[in-house]
Amino acid sequence: MVVNPFSQFMGFCLVFPIAALGAMIFKRCKLPNPALLGAMFATGALSVMGRFPSFVMWPVSFGANMTIGIIIGRQIERNVLRRIFKLLRPVALHTVGMLSLSLVCGYTMYFMASRAGVDVSLKTALISGAGGGITEMTAFGMSADADVSVIVFVQVFRVVTFLALIPYLSKIGVRRQNVETCGCDTTRLFGLRDYVVMVSAAFAAASLAYRFRIPTGPLIGAMLACGAYSLTVNKSYTYDARIRWAAQVCLGIVMGQRMTSKMVLQLGTLLIPAMAVTVVMLCGCLALAFLLHKTTGWDITMCMLCAAPAGLSQITIYAEEIGVDSLTASVFHTARIISIVTLYPLIVMPISF
């Protein structure tokens, strides 16, 4: 699709102030994740009422994810490969746990929908219950000829619920960590030229990852490019907290645009099955978090964020905000999304046909 830059810019300029206002209201009311959820509900209300301006959403999503990747890239250090290698066992444990939990949630969705008299196929239920990303599961549902509206409703309900609960869950045994910014000489900071080169490299890597349809590619590409450049020049970089806030608001806009009047109408019939799936997923993820805590000795807050089945972008930016190791969280959630996207269809398709 050809994007008209002017109409794209004007549409975004109309929506962003409304999203920012929602974020500020949420912050004033001391509600959780104000920038993300406030923006999401404000723009979601526009979308439900049919007042959301018509413009292509992928540049907003791309820019927000690339920005978050740049922020997380500060934590890439010289022994990053060693750190990732040490994560292989807990990541494998978590991946197996999430695949199994997704199947349990799928069957729960199917059983509860049947009890409520809602016609939901096993195929649709299994995809709806998966702990993957909203976009990835919607695309999977379309390719499998499942009921996409049901999948989107359940996935959005689950993600929103977890994003609202995470700030409260993360207070269990909370202990703010001193996260290393990068494995570079922190006394040598970036100059203007370094920022220009780094952002250009981040854009190129993010674009390449997006082109090859890597799950959450813009975030991962930008993160690796920025980390690699920082290590190459042996300098560190900083960012203004307002940039992180703007990225969260943009993610809220992307999520809010997915809310439709059809989803509101489905509340009456799908609310109980969606709540049941979310409760099962919540209990399972809490069990995974405590298992990670026992086997790794990590802070329980870190384990909660690693196990929470919300979006990679949302979790890692929140981890960065509260001072938890967002790089480790990003490794867990990247593995979760990739395993759900690649392995879960191989499990589901033979069962549901």
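FYI, it's all coordinate maths here, none of it is from the lab. Since the model is a prediction, treat every value here as computed from it, not as a measurement. Virtual Cβ from ideal backbone geometry, glycine too; neighbours counted across all protein chains shown.
Each other residue within a Cβ distance under 15 Å of Val91 adds +1 if Lys or Arg and -1 if Asp or Glu, for a net charge of +4. Counting beta carbons within 10 Å around each of Ile25, Ile151 and listing the fewest first gives the order Ile25, Ile151.
Within 12 Å, Cβ to Cβ, of Gly44, how many net charges do the neighbouring residues add up to if Lys/Arg are +1 and Asp/Glu are -1? Show your work: numbers first, answer last.
Details: positive: Arg51, Arg258; negative: none.
Local net charge: +2.
Counting only aspartates and glutamates at least 8 places from Lys27 when in the same chain, those with an alpha carbon closer than 15 Å to its own are Glu321. Here's the list of lysines a cross-link from Lys86 could span, going by alpha-carbon distance under 30 Å and ignoring same-chain residues fewer than 8 apart: Lys171, Lys235, Lys294.
Across the range 103-111, coupling constants 3J(HN,Hα) worked out from phi with the 6.51/-1.76/1.60 Karplus curve, θ = phi - 60°, read 5, 4, 5, x, 5, 4, 4, 5, 5 Hz, and Gly and Pro carry x. When only alpha carbons of the range 252-291 are considered, Rg and Dmax amount to 13.9, 40 Å.
For the chain, modelled as a GNM with alpha-carbon contacts under 10 angstrom, which of Leu122, Leu224, Leu343 fluctuates the most? Checking each option, the largest mean-square fluctuation is seen for Leu343. Each of the peptides 158-166, 214-222 was scored by the mean count of other Cβ atoms within 10 Å over its residues; in descending order, highest first, they stand as 214-222, 158-166. Centre-to-centre separation between the Cα atoms of the range 59-138 and those of the range 34-56: 24 Å.
Taking the alpha carbon gyration tensor of the range 179-278, multiplying each eigenvalue by 5 and rooting it gives semi-axes of 38, 15, 13 Å, largest first. Taking all Cα pairs closer than 8 Å and separated by 6 or more residues, the relative contact order of the chain comes to 31 percent. Note that the range 24-36 has calculated 3J(HN,Hα) couplings of 5, 5, 4, 5, 5, 7, 6, 8, x, 6, x, 5, 6 Hz, one per residue in order, obtained from phi through the Karplus relation 6.51 cos²θ - 1.76 cosθ + 1.60 (θ = phi - 60°); glycine and proline are x.
Taking the centroid of alpha carbons for each part, the range 190-254 and the range 277-317 are 26 Å apart.
Calculated mean residue ellipticity, 222 nm, the chain: -24000 deg cm²/dmol, from DSSP H runs (n ≥ 4) at -39500 (n - 2.57) each, averaged per residue and rounded to 500. Put in order of Cβ neighbour count within 10 Å, fewest first, the listed residues His94, His333, His293 become His293, His94, His333. Highest GNM mean-square fluctuation among Gly38, Gly69, Gly323, for the chain modelled with Cα contacts below 10 Å: Gly323. Rounded to two decimals, the Cα radius of gyration of the range 5-352 over 2.2 N^0.38 Å is 0.97.
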